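**Student:** Starting off with a structure, shown below.
The values are calculated or read from the model by the stated rules, or taken from the named source; none is laboratory data. Note that the structure is a prediction, hence the values are computed from the model and not measured. We place every Cβ from the backbone using ideal geometry, glycine too, and count neighbours over all the protein chains shown. Side chains included, ligands, DNA and RNA excluded: accessible areas come from the protein's heavy atoms. Shrake-Rupley method; radii C 1.70, N 1.55, O 1.52, S 1.80 Å.
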Amino acid sequence: MKLFKLSKKALLLVTAMGAMCSSYTLAATEIKVSFNQSDKHPQYQALQQFGEQLTKATDGRYKVSVFPNELLGDQRASLELVQNGAIQMAVVANPLVENYDKTFAVLGIPYVYANTAHQKKVFTSGILDDLFASTQKFGFEVLTAYTAGARSLYTKDAPIKTKAELKGKKIRVLQSDTMIKMLSCMGGTGVPMNQGEVYTAIQQGVLDGAENNEITYADLKQYEVAPYFSRTGHLRVADLLVVSDMFLSTMTPQDQATLKKLAKESTKTEFELWNAQIKKAEELAKEKGATFVEVDTTEFQQSCQSLQEELIKTPAQKALYEKIIALK
Ligand code: GCU
């Protein structure tokens, strides 16, 4: 019996040592990804899948941890953390990268994509590869683009169907010049603000509303404070998956290539997850009391034409615009 007791203890010891050794040899490098929405969001789910594939493809050398709900900071702060290597990756809306290089503005020109399918072609055709690699000089690279659907206006007190109805209304926009100009050409006033503050700002009356896609509207429960969703579909702002250059340089060329390839492939997954969730998001918002209003967008499109022209000035912007249009 004594012998049994001893061997059981020994067994426990061996097991503990084994666990220590294997966790030592298997210690994976963690890739922290900053994300500003919830773990229900299609992009979060696509990133989880990307992480699993990367771990598998690198025999466990890398492990992806996605931090949702701005846990690692808002998008602007996250991009800076990626730049200085404090975190490895983040999802940031295109306008934030546009602040570094105005060529990116072309990706967010009002009404530039005919529909989701056109946008998918643009994101997966390779025409953006050079632009995405060109941000190396800022300390980060864009790995791929994700869809974030079409953005529409939503407001606190009444729906918005015309330019006149938007007059004097303070609408939260993403932090870039183009987004502020976009709201002016539509007839309102754009207030740049980080996403995490939007709900309270509408609730407290600092804003009259915001503009975003149906998934974000539902995911962040903004229907509670702005129940009129007016389908202006004025913008299809891409979200960009960015990676720290400092971090990339610690990887072998082969692991870098694997990471880049899998990140690109995650775009297709993200589009599928997006398409599967979009209707449900709208239904959920309706169940919670939101009213969806259809809008004739002709007036908004016409009055934003000058902004389109302003965003296609440099040779690089023109070349990119033509490539996008050619895929229509
Ligand atoms: C969309 C987009 C986010 C962005 C958000 C915003 O939801 O997917 O990346 O942060 O809009 O307006 O802040």
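**Student:** Which pairs do you get when a residue that is more than 10 Å from residue 140 (Cβ to Cβ) and in the same structural domain as residue 64 (by the TED database), found in the range 80-94, comes within reach of a residue that is within 14 Å of the ligand (Cβ to nearest atom) and among the charged types (D, E, K, R), reach meaning Cβ atoms under 9 angstrom, with the pair 6+ apart or on two chains?
**Tutor:** 91/239; 93/239; 94/239
Per-residue answers, yes or no, for (1) surrounded by 14 or more Cβ atoms within 10 Å (Cβ to Cβ); (2) farther than 28 Å from residue 77 by Cβ; (3) touching a residue at least 40 places away in the same chain (Cβ under 8 Å); (4) not polar (S, T, N, Q):
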| site | (1), (2), (3), (4) |
| --- | --- |
| 222 | yes, no, yes, no |
| 225 | yes, no, yes, yes |
| 230 | yes, yes, yes, no |
| 275 | yes, yes, yes, no |
| 278 | yes, yes, yes, yes |
| 282 | yes, yes, yes, yes |
| 296 | no, yes, yes, yes |
| 300 | yes, yes, yes, yes |
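**Student:** Here is a further query. State whether the residues of the range 133-142 include one that is among the hydrophobic types (A, V, I, L, M, F, W, C), touching a strand residue (DSSP E or B) at 6+ places or on another chain (Cβ under 9 Å) and free of Cβ contacts under 8 Å to residues at least 40 places away in the same chain.
**Tutor:** Yes, some residue in the range 133-142 is among the hydrophobic types (A, V, I, L, M, F, W, C), touching a strand residue (DSSP E or B) at 6+ places or on another chain (Cβ under 9 Å) and free of Cβ contacts under 8 Å to residues at least 40 places away in the same chain.
**Student:** Quick one: which of 241, 166, 262 is in contact (Cβ under 8 Å) with a residue 60 or more places away in the chain and away from the ligand (no atom under 16 Å from the Cβ)?
**Tutor:** Just one listed residue meets the conditions, 262.
**Student:** Can you work out which of the residues in the range 56-79 that are free of Cβ contacts under 8 Å to residues at least 60 places away in the same chain and among the charged types (D, E, K, R) is nearest to residue 42 (Cα to Cα)?
**Tutor:** Out of the qualifying residues, it is 63.
**Student:** Among the listed residues 181, 161, identify the single one that is basic (Lys, Arg), open to solvent by 60 Å² or more (accessible area, probe 1.4 Å), closer than 18 Å to residue 300 by Cβ and outside any loop (DSSP other than H, G, I, E, B).
**Tutor:** After applying the criteria, what remains is 181.
**Student:** Consider residue 259 carefully, then state whether it is at pLDDT 95 or above, open to solvent by less than 30 Å² (accessible area, probe 1.4 Å) and part of a helix (DSSP H, G or I).
**Tutor:** Judged against the criteria, residue 259 is a match.
**Student:** Follow-up. When only residues in the range 108-122 that are at pLDDT 95 or above and open to solvent by less than 30 Å² (accessible area, probe 1.4 Å) count, which is nearest to residue 141 (Cα to Cα)?
**Tutor:** Once the filter is applied, the top-ranked residue is 122.
**Student:** Mind listing just one residue for me: the one in the range 57-76 that is of a type in the set (Gly, Ala, Ser) and surrounded by fewer than 17 Cβ atoms within 10 Å (Cβ to Cβ) and, of those, nearest to the chain's Cα centre (by Cα)?
**Tutor:** Only one residue fits best here, namely 65.
**Student:** Quick one: residue 204 ticks every box in (1) open to solvent by 10 Å² or more (accessible area, probe 1.4 Å); (2) at pLDDT 95 or above; (3) out of contact with any Lys or Arg (no Cβ under 8 Å at 6 or more places or on another chain); (4) in the same structural domain as residue 69 (by the TED database) bar one, so which box is it?
**Tutor:** That leaves (4) as the condition not met.
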